[in-house]
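The values are calculated or read from the model by the stated rules, or taken from the named source; none is laboratory data. Just so it is clear, the model here is predicted, and its values are computed rather than measured. Every residue, glycine among them, receives a Cβ derived from its backbone with ideal geometry; neighbour counts consider all protein chains shown. Surface areas here come from the heavy atoms of the whole protein model, side chains and all, with no ligands, DNA or RNA. Shrake-Rupley method; radii C 1.70, N 1.55, O 1.52, S 1.80 Å.
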Amino acid sequence: MQGIHSMKNVIDILDIKVSRTPQSRLESTDFENLPFGRVFSDHMFTADFEDGEWKNFQILPYGNIEISPAASALHYGQAIFEGIKAYKQADGRISIFRPYKNLERFNISAQRMAMPIIPEEIFMQGMQQLLEMDRDWVPSQEGYSLYIRPVMFATDPILGVHASSNYKFVILIGPVGVYYAKPLKVKIETHYTRAVEGGVGYAKTAGNYASSLLPTKLAQQEGFDQLIWTDAKEHAYIEESGTTNVMFVINDTLITPSTRDSILDGVTRHSILDLARSWGMPVEERRVTVTEVIEAAQNGTLQDAFGAGTAATIAHIAEITYEGKKYTLPEPSSRAFSNKALQALKEIRYGLVPDPFGWNHLI
Ligand SMILES: *Cc1c(COP(=O)(O)O)cnc(C)c1O
């Protein structure tokens, strides 16, 4: 079915109906104070999947949309999303960071959740035209960017458990500042699980985040900022940190869990691995045991540990607690690898240096 959906949707130039807001909120928005995900630009892009095809391409004022209370996304969770960032470059051009990787992953998520795939034309042209219209919403302060949130959800107003026939695709955009203010205190979780073999961990689907909220809240009540998730079977292998991939530097080698169906295949992760390899740094993508990380923390060979994801880029881990014992890691500002990677990503994204990997999609 997925293949049939995609075949029907070969569209070159999308016919997007545009209705502008009569009253921009740009002037009344405080760009000095941008808590993540709370501020949205003037417009949004929407499309509907009906009768086996995508239609009704629109850019319209950001606002509420009407759905049936029986919409199957609300009951059975067919909902997927993406997170992408756009940056204002020194010369004023806007650059979207590796959006085709997100398109690819969106469609991997769609397939796992028995949802129709979204053709490239709709995803890319919808996003680009929306960004062009709301280009003044892309902040220019250092560390700031425009967050792009594509989302698709099932809209059949039917309570029977089935893959919906109708879906809505929406792209929201909004300016964001720095995600995490300070280095993280994390706990290695050995009871709850984020994702299982054969499950949906590799899909950016709503339920994965819902199921992580209680364990995260409990950890926060104990004074931690975030969890490190371990495998469901033995809780012996490290998988991710919160909603980011996790990376370690042990003995000058960059080590990260290899992707599998319980791990989200992150664009930031790929980018950091590419940078490390280009610098000649040894890189290991493999299963990573809790034991080796704790031993490295104990014997002083754990030089760096951080989460890697679009929202935060790199979130330093300051402390790791495992089975009630706390391990303090090297001072984040002194860490050679993650600070170099962060700086390199920043310079590429803001167009301050050449873009050797072709990561910037300029509009
Ligand atoms: C989005 C996400 C990531 C990071 O992916 P990026 O493409 O780098 O943003 C990692 N883990 C989980 C669970 C995620 O949802």
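Laid out as a table, the results:
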quantity: For the range 1-121, size of Cβ-based charge dipole, Lys and Arg +1, Asp and Glu -1, in debye; calculated: 360
quantity: Solvent exposure ordering (accessible area, 1.4 Å, most first) of 95, 258; calculated: 258, 95
quantity: Net charge of Cβ neighbours under 11 Å - reference residue 151; Lys, Arg +1; Asp, Glu -1; calculated: +2
quantity: Candidates 107, 166, 299, ranked by Gaussian network fluctuation over the chain, Cα under 10 Å, top entry; calculated: 299
quantity: Rounded accessible area of residue 285 (nearest 10 Å², 1.4 Å probe); calculated: 80
quantity: Percent of Cα-Cα distances greater than 18 Å, calculated over the range 164-230; calculated: 56
quantity: Residue 359 accessible area, 1.4 Å probe, all protein chains in place, Å² to nearest 10; calculated: 10
quantity: Average accessible area per residue (Å²) across the range 222-363 - probe 1.4 Å, nucleic acids and ligands excluded; calculated: 40
quantity: Accessible area of the range 96-192 divided out per residue, in Å², using a probe of 1.4 angstrom; calculated: 38
quantity: Label-to-label distance, nm, for residues given as residue 100 and residue 17 (7 Å Cα→Cβ offset); calculated: 3.2
quantity: Calculated log₁₀ intensity ratio I(q)/I(0) where the Debye formula runs over C-alpha points of the chain, q = 0.09, 0.12 Å⁻¹; calculated: -0.53, -0.95
quantity: Global size of the range 184-349 as Cα Rg and Dmax, reported in angstrom; calculated: 14.8, 41
quantity: For residue 301, solvent-accessible area (1.4 Å; no DNA, RNA or ligand), Å²; calculated: 30
quantity: The range 184-349 - charge dipole about Cα centre, Lys and Arg +1 at Cβ, Asp and Glu -1, debye rounded to 20; calculated: 360
quantity: Cross-link partners of residue 101 among lysines (Cα-Cα below 26 Å; sequence separation of 8 or more within a chain); calculated: 8, 55, 85, 88, 168, 204, 340, 346
quantity: Simple Cβ-charge dipole of the chain, Lys/Arg +1 and Asp/Glu -1, about Cα centre, in debye nearest 20; calculated: 300
quantity: Under Karplus coefficients 6.51, -1.76 and 1.60, residue-wise ³J(HN,Hα) of the range 102-111 in Hz, glycine/proline x; calculated: 6, 4, 4, 5, 4, 6, 5, 4, 4, 5
quantity: Distance from the range 137-180 to the range 61-92 (C-alpha centre basis), Å; calculated: 2
quantity: Chymotrypsin sites (Phe, Trp or Tyr not before Pro) restricted to the range 190-292 and DSSP loop, no more than 14 other C-beta within 10 Å; calculated: 279
quantity: Nearest 10 degrees, 0 to 90: helix 120-133 Cα axis against the chain principal axis; calculated: 90
quantity: With every protein chain in place, the range 174-262: carbon and sulfur % of accessible area (1.4 Å); calculated: 51
quantity: Loop GluC sites (Glu not before Pro), the range 100-194 (other Cβ atoms within 10 Å of the site Cβ: 15 or fewer; DSSP); calculated: 142
